[in-house]
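Below you'll find the structure, written out as structure tokens, and then a few comments.
The values are calculated or read from the model by the stated rules, or taken from the named source; none is laboratory data. Computed from a predicted model, the values in this text were never measured in an experiment. Cβ coordinates were reconstructed from backbone atoms using ideal geometry, including for glycine residues, and neighbour counts include every protein chain displayed. When the accessible area is computed, the model is the full protein with side chains, heavy atoms only, and any ligands, DNA or RNA have been set aside. Shrake-Rupley method; radii C 1.70, N 1.55, O 1.52, S 1.80 Å.
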Amino acid sequence: MAGGGIASIGVNKERAENYNGKLTLYVIIACIVAAVGGSLFGYDIGISGGVTSMDEFLRRFFYSVYLKKQHVHEDNYCKYNNQVLAAFTSSLYMAGLVASLVASPITRNHGRRASIICGGISFFLGAVLNAAAINLGMLLFGRIMLGVGIGFGNQAVPLYLSEMAPAHLRGCLNMMFQLATTLGIFTANMINYGTSKLHPWGWRLSLGIAAAPAFVMTVGGMLLPETPNSLIEQGNKTKGRRVLERIRGTENVDAEFEDMVDASELARLVKHPFRNILKRRNRPQLIMAILMPTFQILTGINIILFYAPVLFQSMGFKRSASLYSSALTGAVLASSTLVSMATVDRWGRRILLITGGIQMIICQVIVAIILGLKFGSDKELSRGYSIIVVVFICLFVAAFGYSWGPLGWTVPSEIFPLETRSAGQSITVTVNLFFTFAIAQSFLSLLCVMRFGIFLFFSGWIAVMTIFIYLFLPETKGVPIEEMMRLWEKHWFWKKIVSEDQQAKNTNGLNHA
């Protein structure tokens, strides 16, 4: 039985080769419904930029920005610089940050489904409030409710997908969250393109349609089974095994079930997951949970996804052309995520992250050079250079879509032991939403101050994170989620930290004996 030393390193037997099961229709349907939570996140990312470029919306809520937009001689880089307008986008992410911390104990103690349902209800209410908004206060309160939904959904859905998926297909199925996110972004861009022609209420339709996936997420959450890991963690081993047999399509699940039982017994010894996650033995996972979402946002992807219509209009595109260009980037993002799903469990996480990083650096540098040489504060890009900029922005988005987009969520969700898994996911979501908030709130000002240099700023960060992945992230492809701890014990750098902590605990145990 697990003693003090064993409890510090997680499951103490490697049974992965004895895992049985296949990809069942039951798992596919459950993961599709759960991944709808990702579409909520994506829809909001895509809808914000389009709505904030619509004249009717600006006239009602941000009149000063509307007036500034009309001045043709206004500095192209600064015409949308308004902190209240930025708050419309960023308030959701600060609310989501707080909500993700609240969601952690709910997810651990009451199951993944409970958080998914809470997230769906909150997002539904937020969408209704935004669609019916008659003043700025109502608009921002609706955004906050959307943020609460995002916090709960992003905390629970990746965990749900990781725990339902077979180990050999976990990367692909977990990426359904990111695929749903990208489809949500693309859908939002296409809706914005259509509603921009519906005067004067098109923006209401754009914001209100978010209630549809929220409804699906809520109802789906009520119908979904709880994950076997969560059921066993809550003490319901019989039901947990029954669900495991159903989702694996076989009764021969002894090895995987024993891993889950061992993990749940260790998890019950941990009463304070957030305190436990700070211990030395969890240092590698904690660092990944902080840096992976940080780096994901510091790719600069949000300057494209949040403000694509605004950005393209700033470069001289007409309104319909800017919305069309942003819809194109959304389509590229969704299709590139399919590439990642098809290759992640064959090629692995590291190769996709590193190659994607290199491609993103090249694209951002080229865009910065073109804007620096051919685009000024009072002139528009020529048609030829505009097409080149859109092409390289699409190549940048494609690189993000097959690398840091999905893997920025997949890797943190699969590396934690059960006892700190919910807390670790909360940290990942919190950090992601904090930097999302920071970029959303500051981007318009940064664009005004840094101009084309903002692309060089983000490309520098991409270089840093690509080197980090090469040096410090072990390959997690095909490793059962309950045996992930052994990766850190074998890694050239992390083994020094993990093994030193384990040796110290064993020494203390002998001294006490």
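Has the stretch 185-200 got at least one residue that is buried (at least 23 other Cβ atoms within 10 Å of the Cβ) and closer than 30 Å to LYS22 by Cβ?
No, every residue in the stretch 185-200 fails to be buried (at least 23 other Cβ atoms within 10 Å of the Cβ) and closer than 30 Å to LYS22 by Cβ.
Can you tell me which of VAL449, VAL390 is open to solvent by 10 Å² or more (accessible area, probe 1.4 Å), farther than 19 Å from LEU286 by Cα, free of Cβ contacts under 8 Å to residues at least 24 places away in the same chain and in a helix (DSSP H, G or I)?
Just one listed residue meets the conditions, VAL449.
Among the residues in the stretch 348-368, are any touching a Lys or Arg at 6+ places or on another chain (Cβ under 9 Å) and outside any helix (DSSP H, G or I)?
At the first step, the residues of the stretch 348-368 found to be touching a Lys or Arg at 6+ places or on another chain (Cβ under 9 Å) are 348-350.
Checking which are outside any helix (DSSP H, G or I) leaves us with 348.
Scanning the stretch 348-368 turns up at least one residue that is touching a Lys or Arg at 6+ places or on another chain (Cβ under 9 Å) and outside any helix (DSSP H, G or I).
For PHE416, work out the one condition from (1) at pLDDT 85 or above; (2) assigned to a helix (DSSP H, G or I) it doesn't fulfil.
Unmet condition: (2).
Applying the selection to the stretch 357-369, what residues are farther than 9 Å from ILE462 by Cβ and open to solvent by less than 20 Å² (accessible area, probe 1.4 Å)?
Listed by number, the residues that qualify are CYS363, VAL367, ALA368.
Can we say PHE177 is buried (at least 20 other Cβ atoms within 10 Å of the Cβ) and not in a loop (DSSP other than H, G, I, E, B)?
Yes.
Any idea which of PRO474, PRO406 is outside any helix (DSSP H, G or I) and out of contact with any strand residue (DSSP E or B) (no Cβ under 7 Å at 6 or more places or on another chain)?
Answer to the check: PRO474.
Can you confirm whether LEU223 is closer than 15 Å to GLY111 by Cβ and surrounded by fewer than 23 Cβ atoms within 10 Å (Cβ to Cβ)?
Yes, satisfied.
Has the stretch 312-319 got at least one residue that is under 23 Å from TRP461 (Cβ atoms), of a type outside the set (A, V, I, L, M, F, W, C) and either crowded, with 18+ Cβ neighbours inside 10 Å or at pLDDT 90 or above (or both)?
Yes, the conditions are met somewhere in the stretch 312-319.
Tally time: how many residues in the stretch 230-256 are touching a Leu at 6+ places or on another chain (Cβ under 6 Å) and either open to solvent by 10 Å² or more (accessible area, probe 1.4 Å) or not aliphatic (A, V, I, L, M) (or both)?
Residues meeting the conditions: 2.
Quick check on the stretch 67-75. Is at least one of its residues surrounded by fewer than 23 Cβ atoms within 10 Å (Cβ to Cβ) and at pLDDT 70 or above? If you could, list the steps in order and put the result at the bottom.
We begin by selecting, within the stretch 67-75, every residue surrounded by fewer than 23 Cβ atoms within 10 Å (Cβ to Cβ); these are 67-75.
Next cut, at pLDDT 70 or above only: 67-68.
Checking the stretch 67-75: at least one residue is surrounded by fewer than 23 Cβ atoms within 10 Å (Cβ to Cβ) and at pLDDT 70 or above.
Looking at the stretch 418-446, which of its residues are open to solvent by less than 30 Å² (accessible area, probe 1.4 Å) and over 20 Å from the mean Cα position of the chain (by Cα)?
LEU418, GLU419, LEU444
Which condition from (1) closer than 28 Å to SER64 by Cβ; (2) of a type in the set (Phe, Trp, Tyr); (3) open to solvent by 50 Å² or more (accessible area, probe 1.4 Å) is the one that PHE88 breaks?
The number of the failed condition is (3).
Within the stretch 490-513, restricting attention to residues that are under 18 Å from ARG350 (Cα atoms) and assigned to a helix (DSSP H, G or I), which residue is modelled with the lowest pLDDT?
LYS490
Would you confirm whether or not the stretch 348-368 contains a residue that is aliphatic (A, V, I, L, M) and under 17 Å from the mean Cα position of the chain (by Cα)?
Taking every residue of the stretch 348-368 in turn, at least one turns out to be aliphatic (A, V, I, L, M) and under 17 Å from the mean Cα position of the chain (by Cα).
Determine whether the stretch 462-478 contains at least one residue that is out of contact with any Lys or Arg (no Cβ under 7 Å at 6 or more places or on another chain), over 26 Å from GLN364 (Cβ atoms), open to solvent by 30 Å² or more (accessible area, probe 1.4 Å) and modelled with pLDDT under 90.
Here is the first cut: in the stretch 462-478, the residues out of contact with any Lys or Arg (no Cβ under 7 Å at 6 or more places or on another chain) are 462-468, 470-472, 474, 478.
Now narrow it down to the ones that are over 26 Å from GLN364 (Cβ atoms): 474, 478.
Add one more test, that the residue is open to solvent by 30 Å² or more (accessible area, probe 1.4 Å), and what stays is 478.
Subset that is modelled with pLDDT under 90: 478.
Yes, the stretch 462-478 has at least one match.
Looking at (1) of a type outside the set (Asp, Glu); (2) on the phi > 0 side of the Ramachandran plot; (3) not in a loop (DSSP other than H, G, I, E, B), can you tell me which one MET217 breaks?
Failed condition: (2).
Against the condition of a type outside the set (A, V, I, L, M) and either within 30 Å of THR187 (Cβ to Cβ) or free of Cβ contacts under 8 Å to residues at least 40 places away in the same chain (or both), how does GLU251 come out, does it pass?
In short, yes.
Of the residues ARG248, ARG241, ARG280, only one is touching a Ser or Thr at 6+ places or on another chain (Cβ under 8 Å) and farther than 18 Å from SER104 by Cα; which?
ARG248
So, in the stretch 150-169, how many residues would count as being of a type in the set (Gly, Ala, Ser) and closer than 11 Å to SER100 by Cβ? Steps first, please.
Step one: list which residues in the stretch 150-169 are of a type in the set (Gly, Ala, Ser), which gives 151, 153, 156, 162, 165, 167.
Next cut, closer than 11 Å to SER100 by Cβ only: 151, 153, 156.
So the answer is 3.
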